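The block underneath contains the structure these notes are about, expressed in structure tokens.
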Amino acid sequence: MSKLTLIIKREFIAKVRNKSFIVMTFLSPLLFVGIAVFVGYLSQMKADLKTIAIHDETGRFVNEFKSDEEYKYVNLSKVDLKILKDSIVGESYEGLLVIPNDTNNVSLQKKIQYISNDSPGVMFVEDLEDIIAKKITSENFQKVGLDTLKINKAKADVSINLSKASGETALKGLNEIKIGIGGVFGYLIMMFIIIYGNMVMRSVIEEKTSRIIEVIISSVKPFQLMMGKIIGTSLAGILQFLIWAILGMSAMFIMSSVFGVQMGATSGAQTQQAIQMAQKGMGSEIPMYIKELWNLPIATILISFIIYFIGGYFLYSSFYASIGAAVDNETDSQQFLLPIIMPLILGVYIGFFTVMNDPHGTIATVFSMIPLTSPIVMMMRIPFGVPWWQIALSMTILFGTFLGVVWFASKIYRVGILMYGKKPTWKELYKWLKY
């Protein structure tokens, strides 16, 4: 058995037998589910009812404001304005909408005030403005003799039908679904790179501070030690991911079985009625969306996810390992981590703001080839259909860059692994590369 294999085995067993690894492997899915349930619960909670006082001296607008579950509008036009302002200061009301008595709509729309102790939300203010603007617009139409009923009937409601060049019907919102699928895989790659890259860095720092590295380095080459740590940690990460996938699939199977039994117990008439309501309400386009999702390159997405995860992890772990060898503790590593994390964050932003609008454009294509961002950007592009040669070229550049980076990183690793008691600078790292 080669020395590299022994190091990989040692790193893998050390990570897998670690109590925190075992606990987090089974606890992390429960935490994610718990957070999702908690967020869903918070989203369903109703906001506190806010009372808005309206002082409408014209008497023309107060009836246009309709109370709902979030805001309650109270007509206090007959109450003295000074008293109402004092009530706002005493927090008897959330806010006060003051509409002065002005028969000229042009000057009136500049005099309306909203008084409150706290700054109101932008959407709330826009709603107030829309309500008042619609009322003033309707009055202006009547003054010039326009029939508002005819105007409303004359308004057009255009709905463009989408279709493919082949003649098949295209669906709205499909791009958003595709970017959502690609975004999930890209975000997972980013999180795994950061989590397991930090594991590699901490492992190097621990061995360096305990001086055990001096014994190990006398038997193996620094390059072999660094590669062994990277590969061993990656295998532990893949094992953890497979466990999560099995747990997730098992949970889905159990849920589908439980809900299947419950649906089977429902009467045939109720089921048929539910199907008809779904077709009328949420539309008969649901089967078309499901068909489009099945037409996605699912195999390409899954295979590419594994390859880009391995390639991206190997590339960034080389940086993490070299940083761990250069510093004596995690605090000193912060100055070197930002340049590593920034390309990952850039890849996420490029993916969401560029790929969704133009998945085959120049910017999206270029960043899907750059190795520091390609694992994320390319994963977001693949659901839109990417030529195989672009995927192959991107993967080739990624793994080729990894080989070059690991060669340079091994130089820093070789020198830094035996350096103690001194905080390294970027200038010193450059000297280590030339050494």
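The values are calculated or read from the model by the stated rules, or taken from the named source; none is laboratory data. In this text, all values refer to a predicted model and were calculated from it rather than measured experimentally. Every residue, glycine as well, gets a Cβ built from its backbone with ideal geometry; the counts of neighbours run over all protein chains shown. Quick note on the areas: whole protein, heavy atoms, side chains included, nothing else; ligands and nucleic acids left out. Shrake-Rupley method; radii C 1.70, N 1.55, O 1.52, S 1.80 Å.
With both bridge residues required to lie in region 37-164, what share of the DSSP beta bridges run antiparallel, to the nearest 5%? Each step should come with its number before you reach the end.
On the way: 3 of 13 bridges.
Expressed as a percentage, antiparallel bridges in region 37-164 total about 25.
Work out, step by step, the length gained on full extension between Leu239 and Ile22: first 0.36 nm times the residue separation, then minus their alpha carbon distance; give nm to one decimal.
Values: separation 217, 0.36 × 217 = 78.12 nm, distance 1.11 nm.
Contour length minus Cα-Cα distance gives 77.0 nm.
From the Cα gyration tensor of region 95-138, with a ≥ b ≥ c the square roots of its eigenvalues, which class applies: rounded if a/c is under 1.5, or else prolate if a/b is larger than b/c, or else oblate?
Details: a/c = 3.00, a/b = 1.50, b/c = 2.01.
Oblate, since a/c reaches 1.5 and b/c is not below a/b.
Could you sort the peptides 138-144, 38-44 by per-residue average Cβ neighbour count (10 Å cutoff), highest mean leading?
Highest mean packing first, the order is 138-144, 38-44.
To two decimal places, what compactness ratio does region 334-401 give when its Cα radius of gyration is scaled by 2.2 N^0.38 Å?
Working: Rg = 12.0 Å, N = 68, 2.2 N^0.38 = 10.9 Å.
Output field value: 1.10.
Let me make sure I get this right: for region 9-167, a, b and c are the square roots of the gyration tensor eigenvalues over alpha carbons, sorted descending. Under 1.5 in a/c it's rounded, otherwise prolate if a/b > b/c, else oblate. Which is it?
oblate
FRET efficiency for Thr5 and Ile341, Cβ-Cβ distance as r, R0 = 35 Å, nearest 0.05?
Efficiency for this residue pair is about 0.65.
Arranged from highest to lowest average of other beta-carbon atoms within 10 Å per residue, in what order do the peptides 96-102, 106-112 appear?
So the peptides 96-102, 106-112, ranked by packing, come out 96-102, 106-112.
Which shape class applies to region 304-346: rounded if a/c is under 1.5, otherwise prolate when a/b exceeds b/c and oblate if not, where a ≥ b ≥ c are the square roots of the Cα gyration tensor eigenvalues?
Because a/c hits 1.5 or more and a/b fails to exceed b/c, region 304-346 counts as oblate.
Listed highest first by mean packing, meaning other Cβ atoms within 10 Å per residue, what order do 407-414, 302-309, 315-322, 116-123 come in?
Descending mean neighbour count gives 315-322, 407-414, 302-309, 116-123.
Using a 1.4 Å probe, how large is the accessible area of His360, given in Å² and rounded to the nearest 10?
His360 exposes around 100 Å² with every protein chain in place.
For Thr354, Thr425, write out the residues from largest to smallest accessible area, computed with a 1.4 angstrom probe and no ligands counted.
The ranking, largest first, comes out as Thr425, Thr354.
So what's Rg/Rh here for region 1-57, counting alpha carbon atoms and using the Kirkwood radius for Rh?
With Rg and the Kirkwood Rh in hand, the quotient comes to 1.58.
Mind checking the full-extension length gain between Leu302 and Lys111? Use 0.36 nm per residue of separation minus the Cα-Cα distance, one decimal, nm. Display every interim value, and only then the final one.
Numbers: separation 191, 0.36 × 191 = 68.76 nm, distance 5.98 nm.
Using 0.36 nm per residue and subtracting the Cα-Cα distance, I get 62.8 nm.
Assuming R0 = 60 Å, can you tell me the calculated FRET efficiency for the pair Lys221 and Val39, based on Cβ-Cβ distance, to the nearest 0.05? Before the final figure, lay out each step's value.
On the way: r = 49 Å, r/R0 = 0.81.
That gives a FRET efficiency of 0.80.
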